[in-house]
């Protein structure tokens, strides 16, 4: 098991080395890059927005319930502050990235895997095209560029969801929530959140690409590779989240 894991990690690193090179034809590369931004980023906008609004509302309501049950009274304006911090530190960069790992990761693995089993990748190699660079690098750059935008949208949508939860329930006033949002928060929290996002975006694009690129067999194997890609991408995101939290917030 360990030998197989180490072999896969080595193959993954070698594939990255083959992928992250200067494109052979810049015009073709940028055309594919724009398409990948639409497929991997823009098409995920609705899911990110929907999830963030409702989870932001849930986080705010849970903060209210916990603060209300506290032995020592906690001002209601801390609901807005706590909601903001939770969204910035963990929910938006980590949980949304896990969701994107499922949506985007399965798409990447299945699309590249289908090209592998239908011998389209072999055809590119025969024509002298660096197939790894042609297929994988635009996906990595598209995720690294657009995922931070999705996370920023998620943060604002989650805060708005928490605000609307107070409006709908009347548990706290608008002024209390807005006052909490204006409370001081260390600026490196935001830096930390977007640094995580960039690293997670790289993993979300590169790990499924590895599984799709190395598919052997037919359509059944493509489905299995898509499942493995999602699982291992989520594992990589969670482990890297632990490491980054220990490095920057410990």
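Per-residue answers, yes or no, for (1) surrounded by fewer than 14 Cβ atoms within 10 Å (Cβ to Cβ); (2) touching a residue at least 24 places away in the same chain (Cβ under 8 Å):
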position: 176; (1), (2): no, yes
position: 188; (1), (2): yes, yes
position: 209; (1), (2): no, yes
position: 223; (1), (2): no, yes
position: 226; (1), (2): no, yes
position: 245; (1), (2): no, no
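Return the only residue of 211, 202 being modelled with pLDDT of 95 or more, in contact with a helix residue (DSSP H, G or I) (Cβ under 8 Å, 6 or more places away or on another chain), under 16 Å from residue 103 (Cα atoms) and assigned to a helix (DSSP H, G or I).
Values: 211 fails: modelled with pLDDT of 95 or more.
One residue alone meets the criteria, 202.
Identify, from the list 40, 14, the residue that is under 24 Å from residue 202 (Cα atoms) and out of contact with any helix residue (DSSP H, G or I) (no Cβ under 7 Å at 6 or more places or on another chain). Outline the logic, then answer.
Values: 40 fails: out of contact with any helix residue (DSSP H, G or I) (no Cβ under 7 Å at 6 or more places or on another chain).
Result: 14 is the single residue among 40, 14 that is under 24 Å from residue 202 (Cα atoms) and out of contact with any helix residue (DSSP H, G or I) (no Cβ under 7 Å at 6 or more places or on another chain).
Is it the case that the stretch 104-114 has a residue that's in contact with a helix residue (DSSP H, G or I) (Cβ under 6 Å, 6 or more places away or on another chain), closer than 24 Å to residue 245 by Cβ and assigned to a helix (DSSP H, G or I)?
yes
Does residue 48 satisfy the criteria of being at pLDDT 90 or above, in contact with a helix residue (DSSP H, G or I) (Cβ under 9 Å, 6 or more places away or on another chain) and over 23 Å from residue 188 (Cα atoms)? Steps first, answer last, please.
On the way: at pLDDT 90 or above: yes; in contact with a helix residue (DSSP H, G or I) (Cβ under 9 Å, 6 or more places away or on another chain): yes; over 23 Å from residue 188 (Cα atoms): yes.
So residue 48 fits the description; yes.
The values are calculated or read from the model by the stated rules, or taken from the named source; none is laboratory data. The model shown is predicted, which means the values in this text are computed figures rather than measured ones. Glycine also receives a Cβ, built like all others from the backbone with ideal geometry; neighbour counts cover every protein chain displayed.
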